[in-house]
1. Please list 3J(HN,Hα) in residue order for region 62-72, calculated via the Karplus relation 6.51 cos²θ - 1.76 cosθ + 1.60 where θ = phi - 60°; whole Hz, with x for glycine and proline.
2. Would you kindly derive the ³J(HN,Hα) couplings of region 160-167 from the backbone phi angles with the Karplus curve 6.51 cos²θ - 1.76 cosθ + 1.60 (θ = phi - 60°), listing them in order in whole Hz, with x for Gly and Pro?
3. What dipole magnitude, in Debye to the nearest 20, does region 69-173 give about its Cα centre under +1 on Lys/Arg Cβ and -1 on Asp/Glu Cβ?
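Computed from the coordinates by the stated procedures, all read-outs in this text should not be read as laboratory data. These numbers come from a predicted model, not from an experiment. No Cβ is skipped: glycine too gets one built from the backbone with ideal geometry, and neighbour counts run over all protein chains shown.
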Amino acid sequence: MKMKLIAASILSLFMLAANDAAGQTVSASGASRAAPVQDSQTIRIARSETLQSNKGSAQYFTGSVRVQQLFPGHDPSRTSGGKVTFEPGARSAWHTHPLGQILIVTDGTGWIQQWGGPIEEIRKGDVIWIPAGVKHWHGATPTTAMTHIAIQEQLNGKAVEWMEKVTDEQYRK
């Protein structure tokens with residue numbers, strides 16, 4: 001009898017913990033009900049068919065570029081990410097990021113250049129860290145398309161500082 005009472009007590013504690021973990025509360029009568037869900041504490045799924053791709057702005061890109069926002073910054077996070085596809089010859093303008101940027105090349109071959117440095121080739125599978133405030137550009141090679149995931153954080157609501165376009169002479173160097 002004592003063992004059955006202990007087992008029942010342990011089972012009750014386990015059920016209370018399981019209900020709590022599942023987002024349910026238990027009333028004094030023992031009936032469970034769904035607890036209110038906090039928006040900032042809810043897993044969000046952005047289905048691929050809902051993620052729209054837009055043409056890259058001619059103000060910030062040269063050539064044919066598609067930009068797909070994958071995720072905006074959700075409070076308290078400041079991190080956002082997007083998928084950018086550059087057709088052959090397409091590239092970004094010179095720009096900086098106040099807290100840096102990570103690029104993950106998912107397809108093709110491209111180029112990246114830091115102001116005053118050489119153009120470097122980047123390929124599928126490469127991960128590039130661009131430090132905060134470093135002036136740079138990235139894009140496709142003249143003959144090969146390139147797609148990357150870009151991840152950056154906002155500082156005071158801003159993730160990028162756009163500058164002048166990369167000239168054909170700079171690009172072909």
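1. So the J values, rounded to whole Hz, are 10, x, 8, 9, 10, 10, 10, 5, 8, 7, x.
2. Rounded to whole hertz, the list is 8, 10, 7, 10, 5, 6, 6, 6.
3. Working: 10 positive and 11 negative charges, 2 e Å.
Rounded to the nearest 20 debye, it is 0 debye.
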